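S.K.: Dropping the structure in here first, questions after.
The values are calculated or read from the model by the stated rules, or taken from the named source; none is laboratory data. Just so it is clear, the model here is predicted, and its values are computed rather than measured. Positions of Cβ are generated from backbone atoms using ideal geometry, with glycine treated the same way; all protein chains shown enter the neighbour counts. Only protein heavy atoms, including side chains, enter the accessible area calculation; ligands, DNA and RNA are left aside. Shrake-Rupley method; radii C 1.70, N 1.55, O 1.52, S 1.80 Å.
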Amino acid sequence: LKALVSTGGRNVQASCDWLFSHVDDPFLDDPLPREYVLYLKPSGPLLNQLSNFWQQSRITCGKNKAHNIFPHITLCQFFMCADSKVDVLCEALQAVVGQWRGRFPSPLPLEFYSSSNFIGLFVEEKVAEVIKSFAADFATEAASKADVHVEPHKKQLHVTLAYHFQSNHLASLEQLAKGVDITLGCDWQAVLLSRDIRFANHETLRVMYPYVPQNDDELELVPGDFIFMSSTEQATASEGWVYGTSMSTGLSGLLPENYVNRADECDTWVLHGSLSFLNVTPPTDIRGAMGGIFLDPHLDGRFFDDPMPVDPNNLSALLESHTVVDFVYCSPSLRCVQTAYNILKGLQKDGKTKIRVEPGLFEWTKWVPGTSLPAWIPPADLAAANICVDTTYRPHIPVSKLAVSESYETYISRSFQVTREILSECNNLGNTVLIVAHASSLEACTRQIQGLTPQNSKDFVQVVRK
């Protein structure tokens, strides 16, 4: 039950992977339930505007507390639900949303508000009372069907845009916030999420580089994993080190501070349901839309995929240089596909040059946590999502040829082979080839092409770390 709930009930394989990775977790049999929360999440054009504000405000003024959670309206306080009741809780949400289809106010009238340390969009009071009625209905249904106590949100309903920021950033943030067109269309969705209650007040860190423990009190690091760090535990760690608990294994220990970056609080939350108020035909099962990182439902939910591709607006210099790209080859990872798509968009080649998704360009599979490869989005589904991929392309190294936890020698050989074949396929015609892959690919795909011999695995890892 714990494995199913911790992975959002996606499938048996995901739950088994979670269970195997937590086999040494000292809290595996701890009956402590997870904490749940119900939000309204925007989608469509308004979400695009809010996401752009999120990104630009972070670039311009740095991270503030609003960045910890994606754009949302809080409908209730965090509440606990036993693992055995989660299915019933999801059914309760589905039933209430079904009753509110056609009654839910659309569009939501939003009003801009700003103070010295807060910027947000408030829901008009009369409409807010209607939405609170929906939250109250969910609380009643949850109590009746799942025996769960839900406290509906009593304060003003709003979307927080910026919070706890430096006072000298107020003018810049206000200017960016006023650029958000709040009149745009939006399908608000009811989303049910959960978090591990033990780490509710911890700092969330994302592992950037692999680390093999040198001592018994150290923690093994796998890129993409998350680490929970408490201020109390950190007080006992020496300078340059962090004491934390791994999300993927449940194990705790010391780790080098420069191997991790600050992450957002919601990066480790699990989605259990996402339901639209406009969709006439509700899904048969709202569980399992995704697990781990909170990504847009129509995108791949690879647990450790980084949802931060390059911004096409930052590619003006490339466009002005009149760079020509004839062919694009890309790793199947979502972040790579999004980056390739945005580069083509920045070069104004979107729709003219198709992306060839090549599994042979994926990073070293030894760095993938769990016992199976990620479930990448098929090219046909990417094309259906208006990402211009070549659905007729036949990969040089298909997914079936990739091995889990491959050796370093296999990875280097694979990277050299696929790069050589790509260049042979395209460069005979004097074309320019763009390859979008991973940090490790800079070394693995180019070293032997230059006539150099591969480095040993230890030196290779050091290069990737830098």
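S.K.: Roughly how many debye, to the nearest 20, is the charge dipole of the range 327-466 about its Cα centre, given +1 on each Lys and Arg Cβ, -1 on each Asp and Glu Cβ, and no other charges?
M.R.: Working: 15 positive and 11 negative charges, 43 e Å.
That gives a dipole near 200 debye.
S.K.: Then there's this: Given a 1.4 angstrom probe, I'd like the percentage of the accessible area of the range 330-466 that is carbon and sulfur, rounded to a whole number. Working shown, then result.
M.R.: Numbers: 3350 of 6750 Å².
Reported share for carbon and sulfur atoms: 50 percent.
S.K.: Could you calculate the FRET efficiency of K126 with N52 from 1/(1 + (r/R0)^6), where r is the beta carbon distance between them and R0 is 25 Å, rounded to 0.05? Please list the in-between numbers first.
M.R.: On the way: r = 29 Å, r/R0 = 1.17.
Taking R0 as 25 Å, the efficiency between K126 and N52 is 0.30.
S.K.: Taking only DSSP H segments of four or more residues, each worth -39500 (n - 2.57), what value at 222 nm results for the chain once the sum is divided by all its residues, to the nearest 500 deg cm²/dmol?
M.R.: Numbers: 13 runs with 138 residues, N = 466.
Theoretical 222 nm ellipticity from helices: -9000 deg cm²/dmol.
S.K.: Just to be sure I understand: of the beta bridges DSSP finds with both ends in the range 201-279, what percent are antiparallel, rounded to 5?
M.R.: Values: 15 of 16 bridges.
Antiparallel bridges: around 95 percent, rounded to the nearest 5.
S.K.: Same structure again: Using a simple charge model, +1 on the beta-carbon of Lys and Arg, -1 on the beta-carbon of Asp and Glu, nothing else, what dipole does the chain show about its Cα centre, in debye to the nearest 20? Working shown, then result.
M.R.: Working: 37 positive and 52 negative charges, 217 e Å.
Its charge dipole is roughly 1040 debye.
S.K.: Let me ask you something else. Once a ≥ b ≥ c are taken as the square roots of the eigenvalues of the Cα gyration tensor of the range 102-258, is the result rounded (a/c under 1.5), prolate (a/b larger than b/c) or oblate (a/b not larger than b/c)? All intermediate terms of the calculation are to be shown ahead of the outcome.
M.R.: Details: a/c = 2.83, a/b = 1.63, b/c = 1.74.
It is oblate, given that a/c is not under 1.5 and a/b is not larger than b/c.
S.K.: Hey, another quick one. Whole-Hz ³J(HN,Hα) for each residue in the range 87-95, computed from phi via Karplus 6.51 cos²θ - 1.76 cosθ + 1.60 with θ = phi - 60°, x for glycine and proline: what do you get?
M.R.: Result, ordered by residue: 4, 5, 4, 5, 5, 5, 4, 4, 5 Hz.
S.K.: In nm, what is the difference between 0.36 nm times the number of residues separating S405 and Q462 and their Cα-Cα distance? Can you show the working numbers first?
M.R.: Values: separation 57, 0.36 × 57 = 20.52 nm, distance 1.92 nm.
Full extension of this stretch gives 18.6 nm more.
S.K.: Quick query: amide H of V389 versus all other amide H atoms, modeled in the peptide plane; which residues come in under 5 Å with a sequence gap of 5 or more or a different chain?
M.R.: Under 5 Å from the amide H of V389 lie the amide H atoms of I355, A383, each far enough along the sequence or on another chain.
S.K.: While we're here: Under the rule a/c < 1.5 gives rounded, and otherwise a/b versus b/c splits prolate from oblate, where does the range 321-454 land using the Cα gyration tensor? Spell out each step's value before the answer.
M.R.: Working: a/c = 1.90, a/b = 1.21, b/c = 1.57.
It comes out oblate by the Cα gyration axes.
S.K.: Further question on the same structure: Using only the alpha-carbon atoms, what does the chain span along each of its principal axes? Please give whole angstrom values in decreasing order.
M.R.: Here the Cα extents, ordered largest to smallest, are 69, 53, 49 Å.
S.K.: Right, another one. Across the range 143-156, in residue order, what do the Karplus-derived ³J(HN,Hα) couplings come to in whole Hz, using 6.51 cos²θ - 1.76 cosθ + 1.60 with θ = phi - 60° and x for Gly and Pro?
M.R.: Going residue by residue, I get 5, 6, 8, 10, 6, 10, 8, 10, 9, x, 5, 9, 7, 4 Hz, with x marking Gly and Pro.
S.K.: How much accessible surface area, in Å² rounded to 10, belongs to the heavy atoms of Y341 with a 1.4 Å probe?
M.R.: We get 50 Å² for Y341.
S.K.: Now for a different question. Mind checking the log10 I(q)/I(0) for the range 402-441 at q = 0.17, 0.27 Å⁻¹? Debye, one equal scatterer per Cα, no solvent, two decimals.
M.R.: One equal scatterer on each Cα of the range 402-441 leads to -0.54, -0.98.
S.K.: In the chain, if the dipole is taken from +1 on Lys/Arg beta carbons and -1 on Asp/Glu beta carbons about the Cα centre, which of A139, V37, I435 is farthest to the positive end?
M.R.: Positive-end residue among those listed: I435.
S.K.: Now for a different question. Quote the convex hull volume per residue of the range 41-165, based on C-alpha atoms, as a whole number of Å³. Before the final figure, lay out each step's value.
M.R.: On the way: hull volume 15.4 nm³, N = 125.
Residue-normalised Cα hull volume stands at 123 Å³.
S.K.: What length, rounded to one decimal in nm, is gained on full extension from T391 through to S167, with 0.36 nm per residue of separation minus their alpha-carbon distance? Don't skip to the answer; put the middle values down first.
M.R.: On the way: separation 224, 0.36 × 224 = 80.64 nm, distance 5.04 nm.
Gain on extension, T391 to S167, equals 75.6 nm.
S.K.: If you rank W367, W269 by how much accessible surface each has, with a 1.4 Å probe, what is the order from largest down?
M.R.: Working: W367 30, W269 5 Å².
Greatest to least solvent exposure: W367, W269.
S.K.: Oh, and also: With a 1.4 Å probe and all protein chains in place, put T7, T232 in order of accessible area, largest first. Kindly include the intermediate steps, with their values, before the conclusion.
M.R.: Working: T7 10, T232 110 Å².
Sorted by accessible area, descending: T232, T7.
S.K.: Let me ask you something else. In the chain, with Lys and Arg counted as +1 and Asp and Glu as -1 at Cβ, which of these residues, W269, M229, G253, has the Cα nearest the positive end of the dipole, that is, farthest along it?
M.R.: Positive-most Cα among the choices belongs to W269.
S.K.: With all protein chains present, calculate the accessible area of K178 using a 1.4 Å probe and round the result to the nearest 10 Å².
M.R.: The value for K178 is about 140 Å².
S.K.: Please compute the modelled spin-label separation between V324 and Q417, points set 7 Å along Cα→Cβ, answer in nm with one decimal.
M.R.: Label at Q417, label at V324, 3.3 nm between them.
S.K.: How do D216, D187 stack up against each other in accessible area, from largest to smallest, with a 1.4 angstrom probe? Each step should come with its number before you reach the end.
M.R.: Working: D216 165, D187 35 Å².
Largest accessible area first, the list is D216, D187.
S.K.: Please list, in chain and number order, the residues 5+ apart from M80 or on another chain whose amide H is under 5 Å from its amide H, with Hs placed from the backbone.
M.R.: Under 5 Å from the amide H of M80: Y36.
S.K.: So the label point goes 7 Å from the Cα of T183 along Cα→C-beta, right? Which residues of the range 106-136 then have their backbone N under 13 Å from it?
M.R.: 110
S.K.: Counting only C-alpha contacts under 8 Å and six or more residues apart, can you give the relative contact order of the range 111-236 as a whole percent? Each step should come with its number before you reach the end.
M.R.: Details: 121 pairs, mean separation 25.1, N = 126.
Reported relative contact order: 20 percent.
S.K.: Placing +1 on the Cβ of each Lys and Arg and -1 on the Cβ of each Asp and Glu in the chain, which of G451, A383, I412 has its Cα farthest towards the positive end of the resulting dipole?
M.R.: Value: A383.
S.K.: Here's something else I'd like to know. Heads up, I need the accessible area for M208: 1.4 angstrom probe, whole protein in place, Å², nearest 10.
M.R.: Its heavy atoms expose roughly 80 Å² to the probe.
S.K.: Whole-Hz Karplus ³J(HN,Hα) for the range 55-60, in order, using 6.51 cos²θ - 1.76 cosθ + 1.60 and θ = phi - 60°, x for Gly and Pro?
M.R.: Karplus-based 3J(HN,Hα) across the range 55-60 equals 5, 5, 5, 6, 5, 6 Hz.
S.K.: Probe of 1.4 angstrom, ligands and nucleic acids ignored: what's the accessible area per residue over the chain, in square angstrom? Don't skip to the end; give the middle numbers.
M.R.: Numbers: 22330 Å² over 466 residues.
Spelled out: the 1.4 Å probe surface of the chain, per residue, equals 48 Å².
S.K.: Here's another thing I want to ask about it. Taking the Cα centre as origin and putting +1 on Lys and Arg beta-carbons and -1 on Asp and Glu beta-carbons, what dipole magnitude results for the range 1-143, to the nearest 20 debye?
M.R.: Values: 12 positive and 15 negative charges, 115 e Å.
Charge dipole, the range 1-143, about its Cα centre: 560 debye, nearest 20.
S.K.: Could I ask something else about it? Tell me the label-point distance for the pair T453, E265, using the 7 Å Cα-to-Cβ offset, in nm and rounded to one decimal.
M.R.: Each label point is offset 7 Å from its Cα along the Cβ direction, giving 5.4 nm.
S.K.: Over the chain, what is the relative contact order in whole percent, taking alpha-carbon pairs under 8 Å and six or more residues apart? Present the calculation step by step, with values, prior to reporting the outcome.
M.R.: Values: 857 pairs, mean separation 67.5, N = 466.
Here the relative contact order equals 14 percent.
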